[in-house]
1. Take Ala126 and tell me if it is within 13 Å of the ligand (Cβ to nearest atom), crowded, with 22+ Cβ neighbours inside 10 Å, modelled with pLDDT of 95 or more and under 25 Å from Val60 (Cβ atoms).
2. Of all residues in the stretch 186-214, which are within 16 Å of the ligand (Cβ to nearest atom), of a type in the set (Val, Ile, Thr) and at pLDDT 95 or above?
3. If we keep just the residues of the stretch 160-185 that are open to solvent by less than 50 Å² (accessible area, probe 1.4 Å) and part of a strand (DSSP E or B), which is nearest to the ligand (Cβ to nearest atom)?
4. Could you pull out the residue among Gln157, Gln147 that is open to solvent by 20 Å² or more (accessible area, probe 1.4 Å), at pLDDT below 95, within 12 Å of the ligand (Cβ to nearest atom) and out of contact with any strand residue (DSSP E or B) (no Cβ under 6 Å at 6 or more places or on another chain)?
5. Could you list, in sequence order, the residues of the stretch 324-361 that are within 16 Å of the ligand (Cβ to nearest atom) and either open to solvent by 80 Å² or more (accessible area, probe 1.4 Å) or touching a strand residue (DSSP E or B) at 6+ places or on another chain (Cβ under 6 Å) (or both)?
6. Does the stretch 357-373 contain any residue that is over 22 Å from the mean Cα position of the chain (by Cα) and hydroxyl-bearing (Ser, Thr, Tyr)?
7. Just one of the numbered conditions (1) open to solvent by less than 30 Å² (accessible area, probe 1.4 Å); (2) more than 30 Å from Thr240 (Cα to Cα) is not true of Glu24; which one?
Amino acid sequence: MPFPENFTPDLVVESPGRINLIGEHTDYNLGYVLPTAIEKKITFKFIRNNSDKECNLYSVGYNTGFTLQLDKIARSNVEWENYILGVLNEILLRTDRLRGFDCTIESKLPMGSGLSSSAALECGLAFGLNELFDLGLSKMDIVQLSQKAEHTFVGTQCGIMDQFASVMSEKGHVILLDCKTLEHQQIPIKIDPYKMIMLNTKVSHNLASSEYNTRKRECEEGVAIIQKQYPKVRSLRDVTATMIQEFKQSMDATLFKRCSFIVSENDRVLQTANALKANDLKVFGALLYEAHEGISKLYEVSCPESDFLVDFSKQYDAVLGARQTGGGFGGCTLNIVHKDKVEAFVKEAAKAYKEAFNIELEAFEVKPSAGTYIQN
Ligand code: GLA
């Protein structure tokens, strides 16, 4: 499909990536998370094409596109197409109002860096089509159908955090989301004189082929064991710190590590929310370091590059805390750095990282931003 020329869109939608301050892998365990959208995003330009079922999609970054028929949606061998096809499939299961459209997609979100470019892609498409064809989907429908698309067409059994953050975020706030009830609170975040600095390890993960689904299964196995003694437990969300200790001897060591990480991580999310409400940035920072320790040693979803950057940051008083953020095995670390020291810290981290791994570090600031929106 050639790049459409003289393309005057009917609609332009911006769909952001997200960071998660804390609460990693807790979403599919029905626990708590604390994410927010960021300014980096994917831009979608849509036009109705007057066909009943033909759709043309074009990725500006990949300089490639594909054509599909709405009555012949099936999984593709091309990975990014599955995000699109999965969303269309889910929309078609919910409404018969979808018609042909053309769409260009331009991403400013680095892929595979733990900033959830996948949720931004799914939710931006669903959000735009909802507007374009007046499908009557609520924001929550968009979140849930996008998550489902990832399960069915992409093959990652992800939780709801990324899609929720991409759609529901508000500027200047982080979302305290209870993944069991979907109740959520927008918490204003003021971290001046500190800044949130992301260091991109440039080590890419692929969630579907990585250990993500294995971790989910291990947690379920842990729950099955706990249930024998505590029949009311439905997920790790229902397990307390005292309860989990009872299984230290009887549970397989790996399962015990996974489960105890999730139990303590849930607690850290609630402590972080309280610290942010009280503006206690030192406590926030200490919780980030604690979380990374668990991510690395108990849940074992870190990697040498992320561990290196988190350890490196510990020598700086100007850094209150750091941890790897996202699904794992690379991506970015989140660092809370005093604004006067950002430049020096980034420069020294980049030098040390280059020496250790021969990779050019990428650094950027993130600010809590609005969820998916229509550009006027
Ligand atoms: C990925 C998934 C999320 C969540 C995180 C880990 O980003 O899509 O649902 O599980 O990993 O916290």
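1. Numbers: within 13 Å of the ligand (Cβ to nearest atom): no; crowded, with 22+ Cβ neighbours inside 10 Å: yes; modelled with pLDDT of 95 or more: yes; under 25 Å from Val60 (Cβ atoms): yes.
It is false that Ala126 is within 13 Å of the ligand (Cβ to nearest atom), crowded, with 22+ Cβ neighbours inside 10 Å, modelled with pLDDT of 95 or more and under 25 Å from Val60 (Cβ atoms).
2. Looking only at the stretch 186-214, we keep the residues that are within 16 Å of the ligand (Cβ to nearest atom), and these are 198, 200-201, 203-214.
Add one more test, that the residue is of a type in the set (Val, Ile, Thr), and what stays is 201, 203, 214.
Within the stretch 186-214, Thr201 is the sole residue that qualifies.
3. Among residues in the stretch 160-185 that are open to solvent by less than 50 Å² (accessible area, probe 1.4 Å) and part of a strand (DSSP E or B), the one nearest to the ligand (Cβ to nearest atom) is Leu177.
4. Details: Gln147 fails: at pLDDT below 95.
Among Gln157, Gln147, only Gln157 is open to solvent by 20 Å² or more (accessible area, probe 1.4 Å), at pLDDT below 95, within 12 Å of the ligand (Cβ to nearest atom) and out of contact with any strand residue (DSSP E or B) (no Cβ under 6 Å at 6 or more places or on another chain).
5. Taking the stretch 324-361 first, the residues within 16 Å of the ligand (Cβ to nearest atom) are 324-334.
Scanning the stretch 324-361 gives Gln324, Thr325, Cys332, Thr333, Leu334.
6. Step one: list which residues in the stretch 357-373 are over 22 Å from the mean Cα position of the chain (by Cα), which gives 357-360.
Going one step further and asking which of them are hydroxyl-bearing (Ser, Thr, Tyr), we end up with none.
No, that holds for no residue.
7. In the conditions (1) open to solvent by less than 30 Å² (accessible area, probe 1.4 Å); (2) more than 30 Å from Thr240 (Cα to Cα), Glu24 misses (2) alone.
Condition check ((1) within 12 Å of the chain's Cα centre (by Cα); (2) of a type in the set (S, T, N, Q); (3) at positive phi) across all residues:
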{"residue": "Gly17", "(1), (2), (3)": "yes, no, no"}
{"residue": "Asn20", "(1), (2), (3)": "yes, yes, no"}
{"residue": "Glu24", "(1), (2), (3)": "yes, no, no"}
{"residue": "Tyr28", "(1), (2), (3)": "no, no, no"}
{"residue": "Leu34", "(1), (2), (3)": "yes, no, no"}
{"residue": "Ile42", "(1), (2), (3)": "no, no, no"}
{"residue": "Phe46", "(1), (2), (3)": "no, no, no"}
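The values are calculated or read from the model by the stated rules, or taken from the named source; none is laboratory data. Please read all numbers here as calculations on a predicted model, not as lab measurements. Using ideal geometry, Cβ is built from the backbone for each residue, glycine included, and neighbour counts are taken over all protein chains shown. Side chains included, ligands, DNA and RNA excluded: accessible areas come from the protein's heavy atoms. Shrake-Rupley method; radii C 1.70, N 1.55, O 1.52, S 1.80 Å.
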